[in-house]
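Okay, structure first, notes after.
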Amino acid sequence: MPREELEAILLVGGKGTRLRPLTLSAPKPLLPTAGVPFLRHQFARAAAAGVTHLVLATSYRAEMFRAAFGDGSALGLSIDYVYEEVALGTGGGIRNAASLLRSGPDDPVVILNGDVLSGHDLGAQLDVHRKAEAAVTLHLVEVPDPAAFGCVPTDAAGRVTAFLEKTPHPVTNQINAGCYVFTRSVIDAIPAGRVVSVERETFPGLIGSGQTVMGYVETAYWLDLGTPAAFVQGSSDLVQGKLASPALPGPVGPYLALPGATVADGATVDGGTTVGARAHIEAGAEVHGSVLFDGARVGAGAVVRDSVLGAGAQIAEGAVIDTAVIGDRAVIGSGNELAKGVRVWPDVRLDPTSIRFSSDA
Ligand code: GDD
Ligand code: MG
């Protein structure tokens, strides 16, 4: 295929357990992030780098992906879907998706983890890959907590010397950023029909057998949105323009209001908050750095900070929500204070704290 016809596989089969209860109703890559399904931001950045054909490797809630994006033509892309009845792991998912690739054996294929926001230069990563005639080229970034990621040391020439997935004893702060360029024939060599982890099996195997695995180090904006705190941060960073996204459905600013959203005079809304379609914030409320899904409501004088309010969730007047995840349609009565990592399941009702028992004096 012509060089400009670049293909990508998106790994979107994970269950997103760390983002429950939000991921009970939608898979992580479809959660509304700065007003659009998260993948729209990845699609837009991939398209800008020349990707024209995408294969989505789905498993958990697979049917929702095609419903969201169809054949991709509305986005100027060609999108195909493959399904794993039993999740095959990252390598098994890539191998399964290869059946729908159009590239020849020597062509580069881009692989993206479906939960990473990255501002790095994919074209420059592809250049490193082609120049080194590598089997695989990994985007690498430095983070303060490498034990939570794939630890990836490189030598002076940029060649990867080891791949240590989630090791308690990282040898460097340099980690796998979840964007790979694979030479097509290397994908076809992954065993088919069984669970394979690229991180635990494919990468260590390639390195051990002396194949060229390159690191492409770039310290642009990078964030894995796998936890509630990171999800909220990624969304508000997009709204504030800290990472430019062609998919942002409005101007960059202190907050983004989707169609039908209402913010009353005298409410304070900032920090990159998204106010979902038909969501409503009343006078005197304060909403900082949060994500309000469609139809969420925040009452007068309530405070919502660094939190996610699911679709139709209601925060009554005077309640305080800090670093919390409130499930779809849950109702938090007035006077409640929820902080630091609290998660409220969908449809739960927390009554007003002012309720009194007859035995109370
Ligand atoms: N199709 C498919 N099948 N996709 C899967 C499967 C599977 O069985 N398992 C996971 N995925 C997808 C997830 O949906 C996600 O988009 C991506 O693969 C990575 O899975 P995570 O569960 O988010 O992994 P992680 O964040 O703990 O670690 C990975 O990403 C880090 C960077 O963000 C690893 O690749 C680390 O090495 C890396 O540092
Ligand atoms: Mg992740």
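The values are calculated or read from the model by the stated rules, or taken from the named source; none is laboratory data. Since the model is a prediction, treat every value here as computed from it, not as a measurement. Here Cβ is always computed from backbone atoms with ideal geometry, including for glycine, and neighbour counts include all displayed protein chains. Quick note on the areas: whole protein, heavy atoms, side chains included, nothing else; ligands and nucleic acids left out. Shrake-Rupley method; radii C 1.70, N 1.55, O 1.52, S 1.80 Å.
Things worth noting here:
- For the pair Ser78 and Ala162, label points projected 7 Å from Cα toward Cβ lie 4.3 nm apart.
- Rolling a 1.4 angstrom probe over region 223-276 with all protein chains present gives an accessible area of which 57% lies on carbon and sulfur atoms.
- The chain gives an Rg/Rh value of 1.02, both radii derived from C-alpha positions and Rh following Kirkwood.
- Cα convex hull, region 220-361: 104 Å³ per residue, rounded to a whole number.
- Rounded tilt (10° steps) of 38-48 against the dominant C-alpha axis of the chain: 40
- At R0 = 56 Å, FRET efficiency that the Cβ-Cβ distance of Leu100 and Ala339 yields, to 0.05: 0.75
- Anisotropy class assigned to region 128-190 is prolate, per the alpha carbon gyration tensor with a/c at or over the 1.5 cut-off and a/b larger than b/c.
- For region 278-356: rounded, prolate or oblate by the Cα gyration tensor [a/c cutoff 1.5]: rounded
- Surface composition of region 32-89: carbon and sulfur atoms hold 54% of the protein heavy-atom accessible area at a 1.4 Å probe.
- Gap separating the Cα centres of region 248-296 and region 138-215, nearest whole Å: 40
- Heavy-atom SASA rank of Met64, Met214 (probe 1.4 Å, accessible area, largest first): Met64, Met214
- Heavy-atom accessible area order for Glu317, Glu286, Glu7, largest first, 1.4 Å probe: Glu317, Glu286, Glu7
- 5 Å binning of all Cα-Cα separations within region 1-123, expressed as whole percents from 0 upward: 2, 11, 23, 25, 21, 12, 4, 1, 0
- Accessible area in square angstrom per residue, region 6-224, 1.4 angstrom probe: 39
- Here the contact order of region 6-224, divided by its residue count and restricted to Cα pairs under 8 Å and six or more residues apart, works out to 24 percent.
- Counting only DSSP beta bridges with both residues in the chain, the antiparallel share comes to about 30 percent.
- Global form of region 241-322, assessed from the alpha-carbon gyration tensor, a/c cut-off 1.5: prolate
- The residues of region 254-354 have, on average, 40 Å² of accessible surface per residue, using a 1.4 Å probe with all protein chains present.
- Distance from the Cα centroid of region 50-66 to that of region 297-332 is 32 Å (rounded to whole angstrom).
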